[in-house]
Amino acid sequence: MFDHRPAAAEMARLVNGVRDDQLGGPTPCPEYTLGDLLEHVHGLSLAFAMAARKEQLPPSDGPPRGTASRLPADWRSSITQRLDALVAAWQEPGAWQGRVTVAGVDMTGPETALVALDELVVHGWDVALASGQEYRADTASLAGTEQFVSAFSGPEMAQARHGLFGPVVPVPDEAPALDRVIGLTGRDPAWAPATR
């Protein structure tokens, strides 16, 4: 078991730092505006809390696409509340038992928890860069996320990466842990809105 609190708190801080006039701007996710990404975070926060509570999720063929048009008017407080609920749900020992299906993928409790952590860390970084904020990664969350993304980084995993991550972006051996994680997801650690 590990704690989702640091990554969720960082996501909440970043979400609350986004200005309304930034919602149409680009993100490191090529097909997402910042508003689309925030709506995705809004949805995944609910989905992973429900998964922890073993509540029935709607059937899905894959991760739902974020769409800014579905972002509620109170998105800052709504996302923060859902992040709090996600953290609380994963603090219950039962969340880590059994299996659950999220976005069409059947996983064990610990696997689901790790995917939730990856979503918080990587999309937290996405939100930070897209909105001109600093991403403050905690060591434990980075280590867990690196464990997850590393499992998909070999050439033999190209098929499994499809739809999850882009091609690995090489980074120097001495690069910080955050850059290594981001590169493994197929994102460029040096991404900036002006480079798009």
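The values are calculated or read from the model by the stated rules, or taken from the named source; none is laboratory data. Since the model is a prediction, treat every value here as computed from it, not as a measurement. Neighbour counts are summed over all protein chains in view; Cβ atoms, including those assigned to glycine, are modelled from backbone coordinates with ideal geometry. Quick note on the areas: whole protein, heavy atoms, side chains included, nothing else; ligands and nucleic acids left out. Shrake-Rupley method; radii C 1.70, N 1.55, O 1.52, S 1.80 Å.
Tabulated results
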{"read-out": "Condition met for Val102 (within 14 Å of Ala49 (Cα to Cα) and in contact with a Pro (Cβ under 9 Å, 6 or more places away or on another chain))", "value": "yes"}
{"read-out": "Qualifying residues in region 10-48 (those that are of a type in the set (D, E, K, R) and under 16 Å from Asp84 (Cβ atoms)) - the one surrounded by the most Cβ atoms within 10 Å (Cβ to Cβ)", "value": "Glu10"}
{"read-out": "In region 124-136, the residues that are open to solvent by 20 Å² or more (accessible area, probe 1.4 Å) and in contact with a helix residue (DSSP H, G or I) (Cβ under 7 Å, 6 or more places away or on another chain)", "value": "Gln133, Glu134, Tyr135, Arg136"}
{"read-out": "Condition broken by Phe48, with the remaining ones in (1) among the aromatic types (Phe, Trp, Tyr); (2) within 16 Å of the chain's Cα centre (by Cα); (3) over 21 Å from Ala12 (Cα atoms) satisfied", "value": "(3)"}
{"read-out": "Flag if Val41 is touching a His at 6+ places or on another chain (Cβ under 6 Å) and part of a helix (DSSP H, G or I)", "value": "yes"}
